[in-house]
Amino acid sequence: MTATRVARAVGWMLLGLVVLVALVVLLFDPNWLRGPIMRQTTEKTGRELVIEGDLGIDWGWPVTRLSAAGISFANPEWAEEDQMLRAENITVGVSLPQLLRRNLMLPEIDLDTVDVFLERHPDGRRNWLLDREQKDEGARLEIGTLSLHDGHIRYFEPAQDTRIDAKVSTSDVDGEAGARPDARGAATAEDNGRVARSAGDAGIRFDAKGRYKGMAMQARGSGGPALALRDETTPYPLDIEARFGRTRVKADGSITSLLKFSAIDLDVDLRGASLARLFPLIGIALPETPEYRTAGHLVRDGKTWRYEEFSGAIGNSEVGGTLQVDTDGERPYLHGALTFKKLDFADLGPVVGATGDTEAAGDAPAEAGGKVLPQTPFRTDRWNTVDADVTLKAGTIRRPEELPIDNLDTRLQLRDSVLTLDPLKFGFAGGTLAGTIRLDGKSEPLNASLKLGVRQLKLAELFPTLDESKSSIGELNGEFDLKGNGNTVAAMLGSADGEAALIVADGQVSRFLMEAIGLHLWEMLRLKLAGDELVQIRCVIGDFGVKKGVMETNALVFDTSVTRIHGSGTVDLGKETLDLTLVPDTKITTAVALPSPIYIRGTFSDPEPSIDPARVAARGLGAVALGFINPLLALIPLIETGPGMDSQCGRLIQEAKAARG
């Protein structure tokens with residue numbers, strides 16, 4: 001039987017009962033109707049209704065109130081418990097005008113000392129649906145307000161690992177309980193009418209505990225006098241404090257329509273271990289973060305949610321802004337702006353996989369075996385649950401002393417599981433790192449691409465912990481263009497193909513630093529005694545081809561007025577190992593110079609420089625020119641957009657070309 005037919009049958013049944021009661025109420029006891037009501041309900045729903053106490057009726061227009069004592073209503077056979085509802089007393093208001101139109105509408109229901117068990121079966125059936133198969137939403141009665149007095153409500157949904165046990169109570173404004181009919185005796189119309197109407201002066205208090213989607217939960221709070229289930233015009237006041245796992249929430253405000261949540265206006269205080277832990281609660285994928293706390297104003301209007309003008313902290317970072325979620329598309333669309341008053345660079349670690357999931361993995365380090373590049377996988381399985389377009393700005397960045405980064409400006413977009421940071425701009429060492437990052441979460445493993453421009457980085461600020469660099473003058477420019485595959489940053493770089501290039505032209509650097517690289521012991525001793533000097537940087541060029549995660553030098557030249565150093569070798573991003581040879585070619589001959597190549601071996605976390613005195617470094621410009629002429633010519637576009645062809649780097653290329661010719 002369809003829901004419409006069930007509702008129509010129940011409506012006609014109640015209409016017939018009302019007419020029957022009207023004819024016999026003066027001649028017969030209303031309890032005569034208990035048998036027909038129980039039988040008709042059982043026939044229509046397949047579930048037993050038992051009325052142990054007396055029936056009562058309070059005639060009125062447009063609402064007539066029916067009351068009964070000692071009520072129980074059975075669950076379907078598949079449910080975990082036998083009874084769906086037990087109540088000492090029930091008062092139900094029936095809309096007579098709607099009943100005459102063949103619509104069954106109950107403007108108010110008042111339940112006293114009630115025990116309700118609600119269950120959602122893994123196959124989708126719900127025991128609160130009234131057709132025999134519990135599948136048809138249309139079989140529900142239309143209920144206006146629901147008032148509970150000393151209620152016990154339990155909810156069970158095994159497919160979601162959810163089991164909640166809640167206690168609900170009400171009290172009148174003057175602190176005394178409203179009049180109640182005896183659990184087994186007759187209830188007068190006056191008593192039942194007063195009980196039903198007293199809900200308008202009472203507040204609801206609730207206390208719940210259990211598990212929600214696998215998380216331990218607790219909640220307590222208070223609400224308005226009656227649950228207005230379908231009223232979409234009157235806000236329902238709510239004050240709640242809850243905990244889900246390590247996530248805590250406090251909310252105070254109002255909700256309109258408890259069935260649809262058509263409007264929400266709440267002041268919210270939210271805190272937890274990581275924003276990613278909010279996914280079971282809100283269904284929106286957020287990144288792994290350190291502990292966070294926020295306070296703001298949550299508003300819902302139709303299908304739009306807004307978390308307005310919130311402020312708080314993520315780790316040691318101070319953040320604020322406004323975020324909006326639109327839910328009328330294929331998936332939720334998150335957009336807005338975040339501004340970090342202060343950004344602690346360490347707090348970005350979990351976002352890029354630089355630290356592990358401490359809740360799941362304990363205190364073990366994320367990068368085991370001395371690895372430097374982030375090893376924790378990105379969780380792309382949730383990227384298809386949301387689209388996003390959020391701008392992030394940070395004016396002040398707290399960072400390690402050796403990392404000269406000072407601001408961040410980016411736009412994060414997530415579309416159909418493809419994440420982009422475009423544009424991505426950092427202030428770094430007095431210059432900028434700007435470009436784009438793209439991660440395609442639809443592929444397994446991730447497809448990643450990086451295009452990054454390095455512009456006007458100041459040498460004096462590039463190595464802030466190195467005293468000899470503080471007097472350096474000059475600017476660093478460069479380009480990175482890499483593509484790789486992997487679910488971690490380490491795997492992406494370890495499989496990358498592309499190119500990387502860096503150039504410095506027309507600067508100055510510590511002479512002691514350059515003499516140390518050239519192993520000019522006498523000059524190093526003299527400078528230590530007399531004081532350091534600055535020498536002219538003619539050009540620094542580093543050009544690498546990258547294939548399957550291995551960076552191989554195309555050109556590596558450091559040319560100053562006292563020393564020219566050229567290098568060769570590889571940097572393995574997958575294994576995180578170094579194999580570089582630096583050959584100094586001094587322009588000033590001294591008796592105690594050690595003209596040996598310098599070898600840089602080892603790993604990123606433990607590099608091992610060494611020398612081989614038995615080998616004498618090759619001297620002369622010819623070796624440099626002939627060895628590096630082709631890679632140098634490939635760098636002409638970068639030199640043109642950076643220092644210019646009239647710079648020392650431009651002249652170095654001209655010298656190399658002339659030497660080859």
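No value in this document is a laboratory result; all are computed from the given coordinates. The shown structure was predicted, so the numbers you read here are calculated from the model rather than taken from an experiment. Glycine also receives a Cβ, built like all others from the backbone with ideal geometry; neighbour counts cover every protein chain displayed.
Summing Lys and Arg as +1 and Asp and Glu as -1 over all other residues whose Cβ lies under 15 Å from the Cβ of A251 gives a net charge of +1. Beyond 14 Å, what share of the Cα-Cα pairs of the stretch 246-286 is found? Please give it as a whole percent. I get 59 percent for the Cα pairs in the stretch 246-286 exceeding 14 Å.
What whole-number value in cubic angstrom gives the convex hull volume per residue for the C-alpha atoms of the stretch 68-122?
Working: hull volume 5.9 nm³, N = 55.
With only Cα atoms used, the stretch 68-122 gives 107 Å³ per residue.
Here the stretch 377-441 is treated as a sphere whose radius is the Kirkwood value from Cα pairs; by Stokes-Einstein at 25 °C and 0.890 mPa s it diffuses with a coefficient of 188 µm²/s. Simple spin-label estimate for N316 and V372 gives 2.2 nm between the two label positions (7 Å along the Cα-to-Cβ direction from each Cα). The length gained on full extension between E608 and Q83, counted as 0.36 nm times the residue separation minus their Cα-Cα distance, comes to 181.5 nm.
Computed extension length for D422-T113: 105.3 nm, one decimal, from 0.36 nm per residue of separation with the Cα-Cα distance subtracted. Across all Cα pairs in the stretch 37-169, the calculated P(r) in 5 Å bins from zero up to the longest distance comes to 2, 10, 16, 22, 23, 16, 7, 3, 1, 0 percent per bin.
Summing charges over neighbours of A79, with a neighbour being any other residue whose Cβ is under 11 Å away from its Cβ, gives -1 when K and R count +1 and D and E count -1.
Here the spin labels are modelled as points 7 Å beyond Cα on the Cα-Cβ line, and at K548 and R243 they lie 5.4 nm apart. Here the stretch 247-326 is treated as a sphere whose radius is the Kirkwood value from Cα pairs; by Stokes-Einstein at 25 °C and 0.890 mPa s it diffuses with a coefficient of 187 µm²/s.
Checking every one of the trypsin sites (Lys or Arg not before Pro) in the stretch 254-309 against DSSP loop status and a limit of 12 other Cβ atoms within 10 Å picks out K260, K303.
To the nearest 0.05, what FRET efficiency results for H152 and A216 with a Förster distance of 25 Å applied to their C-beta separation?
On the way: r = 20 Å, r/R0 = 0.80.
After rounding, the FRET efficiency stands at 0.80.
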